[in-house]
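Colleague: So that we are looking at the same thing, I have put the structure below in structure tokens.
The values are calculated or read from the model by the stated rules, or taken from the named source; none is laboratory data. Please read all numbers here as calculations on a predicted model, not as lab measurements. Quick reminder, even Gly has a Cβ in these numbers, built from the backbone with ideal geometry, and neighbours come from all protein chains shown. To get the accessible areas, we keep the full protein, side chains included, count just its heavy atoms, and leave off ligands, DNA and RNA. Shrake-Rupley method; radii C 1.70, N 1.55, O 1.52, S 1.80 Å.
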Amino acid sequence: MKRRSFVKATLMTGSLAGIMPAALNAMKNKEKMTKQEFYELRVYSLKNEAQQKLVEDYYKNAAMPALNRLGSSNIGVFTEMKPTGQTKIYVIIPYSSANDFIKTQGRLDNDDVYKQAAAAYLGAPATEPAYDRIESSFLEAFSGIPRLVAPEKKQRIFELRRYESPSETAGKKKIEMFNTAGEMTIFKKAGLRPVFFGETIIGGLRPNLTYMLTYDDMAEHDKNWKTFGSDPDWKTLSSTPEYTDARLISRITATFLVPTDFSQL
């Protein structure tokens, strides 16, 4: 009996030894997938086409490959769909953690392959700078969509929307409206396809949240927003006193973008 018990225990231990690593890895992968990531949103103001080419070449040949090596994927690089004058360039860079973001510049500074590929951009003289200015914001993903959703690679347009709030409390309430009150669910039901949602932690025009949607074309944009606006669940939610636009939003800015031919979004 003792021998049988010993053999049975040994077999069970051996089975567990085989199962546990796989189970732990599955748990870690699940945690990784549900952990909220962070985004840097950069907006380049440019004076001419030469600057546009220099910045685009920088991302295509230097920054994106280096950032991919460091673990950032699905980097989006966009130009304005209908620019007024010289287009701006919009860049969205995902990070797994705030610490990854903090350490990235130091890692790039020590990456000789990156520095060589980026030489024209990094070494542009003051008389012919690579860009006019960079505006940069740091965003934390919403718990309701903790990771960026890369759309199918095909011809499409993107809409970057920023909701400014009159106070930090109002901004948090608007985020609650998306995360737990049902607005994001209504978005998806109406065919509005989110790429990411983020709360601006550092950046201009705070408090605000910023998110990106994608469409096949403007006809789909118009159709889906009309569907959303007439949805009975949206009408109920948006008329709830604590969630009215008048209480939570002071300004909405929408910018339509097209991806560059090398954008990963």
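Colleague: How many residues does the stretch 82-94 contain that are farther than 13 Å from Arg42 by Cβ and open to solvent by less than 50 Å² (accessible area, probe 1.4 Å)?
Modeller: 1
Colleague: So which residues in the stretch 68-81 are open to solvent by 50 Å² or more (accessible area, probe 1.4 Å) and either touching a strand residue (DSSP E or B) at 6+ places or on another chain (Cβ under 6 Å) or under 18 Å from Glu56 (Cα atoms) (or both)?
Modeller: If the condition is that a residue be open to solvent by 50 Å² or more (accessible area, probe 1.4 Å) and either touching a strand residue (DSSP E or B) at 6+ places or on another chain (Cβ under 6 Å) or under 18 Å from Glu56 (Cα atoms) (or both), then Asn68, Ser73, Asn74, Met81 are the ones that fit.
Colleague: For Lys189, all conditions in the list (1) more than 30 Å from Phe262 (Cβ to Cβ); (2) crowded, with 17+ Cβ neighbours inside 10 Å hold save one; what is the number of the exception?
Modeller: Just one mismatch for Lys189, condition (2).
Colleague: If the requirement is being hydrophobic (A, V, I, L, M, F, W, C), touching a helix residue (DSSP H, G or I) at 6+ places or on another chain (Cβ under 9 Å) and in a helix (DSSP H, G or I), which of these qualifies: Phe178, Phe197?
Modeller: Only one candidate passes the filter, namely Phe178.
Colleague: When the stretch 200-213 is examined, which residues are found to be of a type outside the set (Gly, Ala, Ser) and either over 19 Å from Thr169 (Cβ atoms) or open to solvent by 40 Å² or more (accessible area, probe 1.4 Å) (or both)?
Modeller: Ile201, Ile202, Leu205, Arg206, Tyr211, Met212, Leu213
Colleague: Keeping to the stretch 224-245, report how many residues are in contact (Cβ under 8 Å) with a residue 12 or more places away in the chain, in a helix (DSSP H, G or I) and surrounded by 15 or more Cβ atoms within 10 Å (Cβ to Cβ).
Modeller: The qualifying residues number 7.
Colleague: Do you know which residues across the stretch 149-163 are within 19 Å of Glu199 (Cβ to Cβ) and open to solvent by 20 Å² or more (accessible area, probe 1.4 Å)?
Modeller: Within the stretch 149-163, Val149, Arg161, Arg162 qualify.
Colleague: Still on this structure, please answer the following. Taking Leu192 as the residue in question, decide whether it is in contact with a helix residue (DSSP H, G or I) (Cβ under 7 Å, 6 or more places away or on another chain) and touching a residue at least 60 places away in the same chain (Cβ under 8 Å).
Modeller: Against the criterion (in contact with a helix residue (DSSP H, G or I) (Cβ under 7 Å, 6 or more places away or on another chain) and touching a residue at least 60 places away in the same chain (Cβ under 8 Å)), Leu192 does not qualify.
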